[in-house]
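Q: Pasting a structure here, questions to come.
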Amino acid sequence: MPRLFWKLFLALWLSIMAFAVVVASINQAIIIRNAVEEPVAFEANLERFKSRLARDLERGGEPLLKRRLANLPRGIFNHVFVLDKQGRELLGRDRMLKKLKAGRVKITSTQLSDANGQVYTLLTSGRRPPRSLLAPGPLGVGMRLGVAAVISAFISLLLARYLAAPLGHLGRASRKLATGDLSVRVGGPLDRRNDEFGQLARDLDEMAGQLEMMQQANQRLLRDVSHELRSPLARLRVALEIARNKDQKLLAAELDRIELESERLEVLVDEVLGLLRESSGPKELKLQRFDLAELLQDLVDTVNYEASDKLRVIGQDIRPPLLLDADRELLWRTFENLLRNAVIHSGDSSGIRIFARQISDDEIEVGVQDSGKGIPAAHVERIFEPFYRVDESRSRSSGGHGLGLAIAASAIRRHGGRITAANREEGGLEVRVVLPIKPSGA
């Protein structure tokens, strides 16, 4: 067993035994003092009351004897019995007398007579000797301490095991995590406990789960980045090879293709760098007071100007003023990503809608709705992960690398806000952003 178990066991056991020794010493002192004085006083009182009962019987007969017998002190009452000529105890204590005779108590019998010569039997018993466990002296003390040692050892064993066993489970799990095994979980009965150990086990399992998800996300990020970089580079090499083998007059098309792939590669690198800037650690926001409604209106005008005719009109429901303290440039890039993402994935038959309003004294809500194919429910929660796309609704052919929403989500979180996505009943996707008017975590 681990050393902690034995440390807990010995600490508990020795503390209980120390308490037991102190109690036994006090008990022994009391027993010895009473054992010296009480037997002498008991025998003297018993003889005095025997003489008094005999005089009462001679003077007043059985009625006076009964009254005197019923009024005996508590320490004497259960040791004095009087039987009539039929053998019945005068106060009806026949069962008690029978039980006393069955014990290891010496009983003395004395004959008493009243004034008419009626004979009664007076029975007196000595004190019952104490059991060995309760007896004074070294033997009794030793037996009591032995019993205390066994009971305290059992209790200490249970308590030490109750405290040390969960720590052992947690220690083994943490050592596996330290070696890189992120799939380990404490689990078992420990995470179902309602005490601090159970809470610690659940926290450790949650931490391991988060680490495993982060590791998988990092691996997927590296895989996707390498794939995204490899594709345009491969196309560039092909285009260059074709250009070398063509007549100089026919190079224009291949050079255009090289330029296009170079631009795509540059966009990808810019998006990756933007994501790294947003997620590389806490940075100070350049806070300023401005009207979010004005920013959104300017953004809508810009996107309307650049969008195709079929998507030229973007529906608006912006309720100014929407004053807040935030990083204006960062929010511009955030909502630009959301709006351009909606433009790319909307259907040709209908456009996009953006709304913004103040929902409380402390928060402003902004929503961007598109009319695309939407996203399967199982994937909605993951669209804010880097490079995450759903093929049937967010394919490479539609443009983008799956980084715009991840950058937007990082910026919103830096402001202390929330971002969520949900499919609309009418079709398409709706992204909602809730921003604090004064970000507490800035």
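Read-outs: derived from the displayed coordinates by stated rules, not from any lab. Keep in mind that this is a model prediction, so the values were computed, not measured. Positions of Cβ are generated from backbone atoms using ideal geometry, with glycine treated the same way; all protein chains shown enter the neighbour counts.
Q: Non-local amide H neighbours of Leu324 (under 5 Å, H modeled in plane, Pro and chain starts lacking H): which ones?
A: Amide H neighbours of Leu324: Phe290, Leu292.
Q: While we're looking at this one, here's another question. Provide the per-residue ³J(HN,Hα) series for the stretch 48-60, in order, calculated from phi with Karplus coefficients 6.51, -1.76, 1.60 and θ = phi - 60°, each as a whole number of Hz, with x at glycine and proline positions.
A: After applying 6.51 cos²θ - 1.76 cosθ + 1.60, I find 5, 6, 4, 5, 5, 5, 5, 5, 4, 5, 5, 7, x Hz.
Q: With each pseudo-label sitting 7 Å past Cα toward Cβ, what's the Glu336-Ile155 distance in nm, one decimal?
A: Going from the Glu336 label point to the Ile155 one covers 7.3 nm.
Q: If amide H atoms are built 1.01 Å from N in the plane of the peptide, which residues on other chains or at least 5 residues away come under 5 Å of the amide H of Glu363?
A: Ile437
Q: Using Cβ contacts closer than 10 Å as the measure, can you line up Trp332, Trp13, Trp6 from fewest to most?
A: Trp6, Trp332, Trp13
Q: Going highest first, how would you order 78-84, 296-302 by mean Cβ packing within 10 Å?
A: Per-residue mean Cβ counts within 10 Å order the peptides as 78-84, 296-302.
Q: Would you pull out the residues with amide H under 5 Å of Gln316's amide H, same chain only if 5 or more places away, H placed 1.01 Å from N?
A: Counting only residues 5 or more places away or on other chains, the set is Ile354.
Q: Convert each backbone phi in the stretch 365-370 into a coupling constant with the Karplus relation 6.51 cos²θ - 1.76 cosθ + 1.60 (shift: θ = phi - 60°), then list the ³J(HN,Hα) values in order as whole Hz, x for Gly and Pro.
A: Ordered by residue, 3J(HN,Hα) equals 10, 10, x, 10, 10, 10 Hz.
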